[in-house]
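Participant: Take this structure first; my questions come after.
The values are calculated or read from the model by the stated rules, or taken from the named source; none is laboratory data. It should be emphasised that the depicted structure is a prediction, and the values quoted were computed from it without experimental measurement. As a convention, Cβ positions derive from the backbone with ideal geometry for all residues, glycine included, and neighbour counts pool all protein chains shown.
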Amino acid sequence: MILQPIHELTIVVVADVGVPNQERIVIRPTQSVNLAGFGLYVGQLLPNGMIRPYPDHFLWFGEIFVAPPSWIIIYTGPGNFQQTRLPNAGEEAYVFHWGKNFTLFGVPGIVPALFRFDGILIGTQPIKTPLLGK
């Protein structure tokens, strides 16, 4: 599957790899954007440059508008969302916590992948029905 590149955001670095409560993904917006249209997942980088996603490793940012110059910092460990200013840069920072009880990127070839929602199909509320064909 070929997907369009994302130009609104850029992954700068995965910092402090393998260090509990310090490991983080650092992203910068290149234009004003609502993060609700984006998600982040983890996967195995394949030799052809594609990625095989791991199940149950998905993060949705929620309805948050960001604009450059600012920072989006995602710690892989537990914590609470915070919007703050970075003391050295004086720029806005949106700090997320993935809530994992372990670090994610200490194994070679494990990488983050940022994606944009491009479509959705929402199911209906499940109801009790007789099994089909029985």
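Participant: Could you say which residue among Gly49, Gly90, Gly106, Gly77 is small (Gly, Ala, Ser), within 16 Å of Arg24 (Cα to Cα) and modelled with pLDDT under 95?
Facilitator: Matching residue, one of Gly49, Gly90, Gly106, Gly77: Gly106.
Participant: Quick check on segment 87-101: of everything there that is in contact with a Ser or Thr (Cβ under 9 Å, 6 or more places away or on another chain) and surrounded by fewer than 16 Cβ atoms within 10 Å (Cβ to Cβ), which residue is nearest to Phe38 (Cα to Cα)?
Facilitator: Top of the filtered list is Gly99.
Participant: Condition first: in contact with an Asp or Glu (Cβ under 7 Å, 6 or more places away or on another chain) and in contact (Cβ under 8 Å) with a residue 60 or more places away in the chain. Can you find one or more residues in segment 110-124 that meet it? Full working, then the answer.
Facilitator: Here is the first cut: in segment 110-124, the ones in contact with an Asp or Glu (Cβ under 7 Å, 6 or more places away or on another chain) are none.
No, segment 110-124 contains no residue that is in contact with an Asp or Glu (Cβ under 7 Å, 6 or more places away or on another chain) and in contact (Cβ under 8 Å) with a residue 60 or more places away in the chain.
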